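Data block below; observations after.
Readers should treat all values here as calculations from the given coordinates under stated rules, not as data from a laboratory. Nothing here was measured: the structure is a model prediction, and the numbers come from that model. FYI the Cβ positions are ideal-geometry reconstructions off the backbone, even for glycines, and counts take in every protein chain you see.
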Amino acid sequence: MHQMTLAEIARGLADKKFSSEELTKVLLARITQLDPQLNSFISLTEELALEQAKAADARRANGESGALLGAPIAHKDLFCTQGIRTSCGSKMLDNFKAPYDATVVAKLAAAGAVTLGKTNMDEFAMGSANESSWYGAVKNPWDLEHVPGGSSGGSAAAVAARLLPAATATDTGGSIRQPAAFTNLTGLKPTYGRVSRWGMIAYASSLDQGGPLARTAEDCAILLQGMAGFDQNDSTSIDEPVPDYSASLNTSLQGLRIGVPKEYFSAGLDPRIAELIHNSIKELQKLGAVIKDISLPNMQHAIPAYYVIAPAEASSNLSRFDGVRFGHRCEHPKDLIDLYKRSRGEGFGTEVQRRIMVGAYALSAGYYDAYYLKAQKIRRLVKNDFMAAFNEVDIILGPTTPNPAWKLGAKNSDPVAAYLEDVYTITANLAGLPGLSMPAGFVDGLPVGVQLLAPYFQEGRLLNVAHQYQLNTDWHTRTPTGF
Ligand code: GLN
């Protein structure tokens with residue numbers, strides 16, 4: 001049962017082969033049995049899950065249908081869930097029970113999805129390895145000595161290990177696509193503004209975007225359908241109709257123009273990954289796609305710009321965690337300053353503190369123009385590169401990451417080495433574009449992802465290309481041994 005995709009579950013539930021309650025019990029037992037190896041969950045919500053499953057079964061018995069009605073999922077632990085701990089992977093919020101549901105959580109619940117739990121993540125979504133979580137590192141089910149990627153590493157490891165079919169995640173600089181690549185999943189970061197950020201604890205507000213992590217493009221379409229849409233509670237949500245994503249999956253790729261940026265294949269890319277990416281290009285050519293060489297000349301400036309903008313926004317967003325209103329508070333403060341200092345010093349981990357300091361520095365009066373303003377200018381150049389490219393091509397294709405998943409601990413002493421691994425993913429966040437990562441093969445037994453980028457609001461096109469590719473390849477069906 002645990003091998004089923006969301007699409008298969010929807011068919012099975014509709015045909016009354018099993019109930020959502022039965023399926024939920026199987027998966028909860030599987031999580032209890034296998035997750036100790038992975039550490040992919042921060043909280044299990046067994047009671048809520050069984051209640052939601054029974055309610056979904058009752059709705060089906062009353063004649064309702066829907067792809068998510070009775071479908072088991074989990075939420076990355078930065079989506080607020082009413083009455084349930086929402087920790088953001090931090091000691092700071094270990095005692096925080098959200099007083100309301102995030103829009104994404106409420107929408108999926110209304111569609112009948114069943115919440116099995118809250119998944120582990122890098123603290124405040126800062127990281128690429130899921131090692132900065134206060135709840136401990138998450139292990140990659142493909143090799144327990146390797147990282148699953150981050151910051152949505154818990155969602156990725158759980159779905160890859162078949163603990164559940166799909167999960168929500170967020171992507172500020174790659175945190176959906178990179179863990180998807182590292183664990184052989186399909187992950188989609190939507191256009192900025194497509195999915196509401198209301199109730200999603202902010203890291204860098206102008207870059208954060210929620211999206212689905214699943215094993216197939218077909219399942220990402222189902223989950224995105226339940227997440228996307230205008231929300232008046234989010235001032236950057238865009239009032240644009242949500243298309244039927246599943247209906248877009250079967251369009252022919254005949255004549256689709258795919259741009260391959262030459263900058264993606266420079267030094268730094270593992271040549272074995274380059275070869276797999278070229279194989280995926282050949283596969284898409286067989287399906288009728290036309291390949292064009294393109295250039296994104298400002299790509300080289302994206303990492304420095306991102307690592308100024310994201311910490312700057314984080315330093316501002318995280319100032320609300322002061323030990324006064326909610327979150328961790330130190331014992332016996334001497335005075336107000338001592339309360340702030342010790343509560344924040346105790347509540348935040350090293351990487352979060354580093355980024356708050358970098359961000360506050362970049363925003364300070366003497367350095368604002370030199371760093372923050374400069375980074376915003378680079379951001380515009382990165383966007384302009386994409387706009388020029390999309391005048392000529394329909395999709396941009398390349399690797400999701402320069403290397404496969406690294407060993408646990410391998411980059412802990414050198415944060416910049418980890419930042420450099422974001423080179424292919426962060427440009428989409430800087431420009432606000434949608435991006436998808438899908439399985440493209442293995443290097444030394446570790447999964448490799450190919451990334452597709454599309455113009456604004458063309459999530460359907462990304463899902464279409466990925467689905468057609470998955471109808472003709474079987475990388476996405478591979479299962480890690482032991483799971
Ligand atoms: N690795 C990037 C960072 O640490 C991206 C994280 C994310 O997308 N949340 O900022």
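Note on the chain: antiparallel DSSP beta bridges, both residues inside, total approximately 70 percent of the bridges counted.
Hey, could you grab the Kirkwood Rh for the stretch 85-177? Inverse mean 1/r over distinct alpha carbon pairs, Å, one decimal.
Working: mean 1/r = 0.0737 Å⁻¹.
Across the stretch 85-177, the inverse of the average 1/r is 13.6 Å.
How big is the convex hull of the Cα atoms of the chain, per residue, in Å³? Kindly include the intermediate steps, with their values, before the conclusion.
Numbers: hull volume 65.8 nm³, N = 483.
Looking at the chain, the number lands at 136 Å³ per residue.
If you take the Cα centroid of the stretch 212-272 and the Cα centroid of the stretch 164-211, the two points sit 11 Å apart.
Computed from the Cα positions only, the extents of the stretch 341-388 along the three principal axes stand at 48, 24, 11 Å, in decreasing order.
Each Lys and Arg adds +1 at its Cβ and each Asp and Glu adds -1 at its Cβ; summed about the Cα centre, the stretch 257-309 shows a dipole of about 200 debye. Scan the chain and hand back the longest stretch that contains none of the trypsin sites (Lys or Arg not before Pro) lying in DSSP loops with at most 12 other Cβ atoms within 10 Å. Within the chain, the longest run free of exposed trypsin sites (Lys or Arg not before Pro) spans 17-324.
Once the mean of 1/r is taken over each pair of separate Cα atoms and inverted, the stretch 158-204 shows a Kirkwood hydrodynamic radius of 11.7 Å.
Mean projected area of the convex hull spanned by the Cα atoms of the stretch 1-138, taken over all viewing directions: 8.2 nm².
Take every DSSP beta bridge with both residues inside the stretch 21-152 and express the antiparallel ones as a percent of the total, to the nearest 5. Roughly 60 percent of the beta bridges in the stretch 21-152 run antiparallel, per DSSP. The share of C-alpha pairs in the stretch 321-476 whose separation exceeds 23 Å stands at 59 percent. Across all Cα pairs in the stretch 300-413, the calculated P(r) in 5 Å bins from zero up to the longest distance comes to 2, 10, 13, 14, 14, 14, 13, 9, 5, 3, 2, 1, 0 percent per bin.
Compute the orientation-averaged projected area for the stretch 217-311 from the convex hull of its Cα atoms and round it to one decimal in nm².
Values: hull surface 37.2 nm².
Value for the stretch 217-311: 9.3 nm².
Restricting the GluC sites (Glu not before Pro) of the stretch 347-424 to loop positions (DSSP other than H, G, I, E, B) with no more than 11 neighbouring Cβ atoms within 10 Å leaves Glu392. Where q = 0.18, 0.19 Å⁻¹, what log10 of I(q)/I(0) comes from the Debye formula for the stretch 394-483, counting one point per Cα? Listed by q, the Debye log ratios stand at -0.91, -0.98.
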